[in-house]
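What follows is a set of notes on a single structure, which appears directly below.
Values in this text are rule-based calculations from the coordinates and carry no lab data. This is a predicted model, so every value here is computed, not measured. Quick reminder, even Gly has a Cβ in these numbers, built from the backbone with ideal geometry, and neighbours come from all protein chains shown.
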Amino acid sequence: RVPRSVSGRVLPVCRVPAAELSVSAFVAEFESRRVPVVISGLPVLRGERWSVDSLHRVLGQKQVEVRVRSDSSCEWAGLERSTPLTVGEFIDEMRMCSARSGEPLTRTLTLTLT
């Protein structure tokens, strides 16, 4: 997606080498302000496109906190904590749900690695 202003103009996106960007600077300058950024020079990304398979392979053993949407929730965005899983277990569950429903595996996935 190309960032656009309210008027529809295409907006420039900042490009920053990973070696020049600390985690705290990324959070302060981009994540917390919801500003898009292209980060170059990340070794995990070099030469490989992200896919469900590559996430499973690279992050499969990482523990994540899963949140499940509930219409009766008082939590932000209706997201309730669920049982912790590994990324691999989460992806496998999503694949099984996709196979049962016949719907493609398309989800917005935000991972908080612990």
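Cβ-Cβ distance of residue 57 and residue 99, R₀ of 25 Å, FRET efficiency by 1/(1 + (r/R0)^6): the value works out to about 0.80.
When only C-alpha pairs under 8 Å and at least 6 residues apart count, what is the relative contact order of segment 52-101, in percent? Walk me through the numbers before you get to the answer.
On the way: 56 pairs, mean separation 19.2, N = 50.
Taking the mean separation of contacting Cα pairs over the length of segment 52-101, I get 38 percent.
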